[in-house]
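The numbers here are math on the coordinates, done by the rules we state, and not lab data. This one's a predicted model, so the numbers in the text were calculated from it and none came from an experiment. Heads up, the Cβs are rebuilt from the backbone with ideal geometry, glycines too, and the neighbour counts pull from every protein chain shown.
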Amino acid sequence: MRKTLSILCFCLGLPFACRAQAASGAGPAGPVATVAGQPISEQQLLESLGPQLMQLRNQEYELKSKALDSLIRQKLLEAEATKRGIPAQKLLEQEVDSKIAAPTDAEVEAYFWGQNRAGVRFDDVKDQFRANLKQTKIQKARQAYADSLRAKTEVAVMLRAPSVDIHYDAARVKGNPKAPITIVEFSDFQCPFCKKSEATLRDLLAKYEGRVKLAFLDFPLAEIHSAAEAARCAGEQGKFWEYHESLFADQSKLDEESLIGRAQNLKLDEKAFQSCLASGKFKASIEADRQEGTKAGVAGTPGFFINGVFLSGAQPQAEFERIIDNQLALHGNPTTRATFSGQPLR
């Protein structure tokens, strides 16, 4: 709770007293408000923020991550400069700045128009834009040079992305149950972007076989969610994932007749399936999934939590792999923020 309060104070720019209170661990002993004698707890307040809180936590992490990258580059340059016996600035001038050619007129003009400089004559600002463009090229090249030095130096980054504990149903898990990485997916069988993510998830389970498992939670965007109920009913007969794949294979036919037809194709006990579907027995459980997602910050589908780290939308596979690889590297290293050549980076 103390950590969450600190994040809120930092990101929302709350008064110094609030930040000091969060840092010291002091907090309200009772409710944060009462209405007609009924208390509102701090936990209720934080849960009500939902997606906003996750967004703030991710913003804080992005700021820290970028700052850490900058510090690492600085350390790498200083180490290389010390090895050569010259100042870091001199190293950059020799290895980077001197190799950047002056931009051509065509490059400068393209850069000029890319800045949306309507109403300004190119000839009047050409020299200024030439200098700006060269400086931009130098900055990019310096960063690339510093990043290239990582291959020569031991650098370990253990900065943890914000994470959320998500409760999921073990009956709807695909992959090795003991896998160290869990992808929790909040999805809707009617969502085209969820369907788009299916191939990515299959490829990830194959690539990280034994190390990654997938848990499926319902996050229906429509009030009527018969497809989600049908998948649960199929799960009662041990065919949740087969029915899940059938629904995503053809999202156009989700009426009751089609749902029963899918059950027939999978050779389910039709009478038991129909009885289950008619009973509405899973409606409350599906709503519980949706509430779990809302509290965690999910605002749309698909939403993913990779060991608790949030990833929103049908992202490229590389984005999943970046988080998975980072989580695998972090596994068993819960304390150190970063190290450089074996020494903590402060």
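Values for this structure:
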read-out: Elements of type helices (runs of 4 or more DSSP H) in region 217-269, at least 1 residues being surrounded by fewer than 12 Cβ atoms within 10 Å (Cβ to Cβ); value: 240-249, 256-265
read-out: Filter result (hydroxyl-bearing (S, T, Y) and within 20 Å of G280 (Cβ to Cβ)) within region 214-269; value: S226, Y243, S258
read-out: Count of residues meeting criterion [in a helix (DSSP H, G or I) and in contact with a helix residue (DSSP H, G or I) (Cβ under 6 Å, 6 or more places away or on another chain)] in region 204-216; value: 1
read-out: Every residue from region 41-64 that is in a loop (DSSP other than H, G, I, E, B) and farther than 12 Å from G297 by Cβ; value: S41
read-out: Conditions (1) closer than 16 Å to K174 by Cα; (2) free of Cβ contacts under 8 Å to residues at least 40 places away in the same chain: number failed by E236; value: (2)
read-out: Whichever residue in region 295-318 is in contact with a helix residue (DSSP H, G or I) (Cβ under 9 Å, 6 or more places away or on another chain) and part of a helix (DSSP H, G or I) and, among such residues, is surrounded by the most Cβ atoms within 10 Å (Cβ to Cβ); value: A296
read-out: Within region 110-155, tally of residues that are crowded, with 16+ Cβ neighbours inside 10 Å and outside any helix (DSSP H, G or I); value: 1
read-out: Total residues in region 270-282, condition assigned to a helix (DSSP H, G or I), surrounded by fewer than 15 Cβ atoms within 10 Å (Cβ to Cβ) and in contact (Cβ under 8 Å) with a residue 24 or more places away in the chain; value: 1
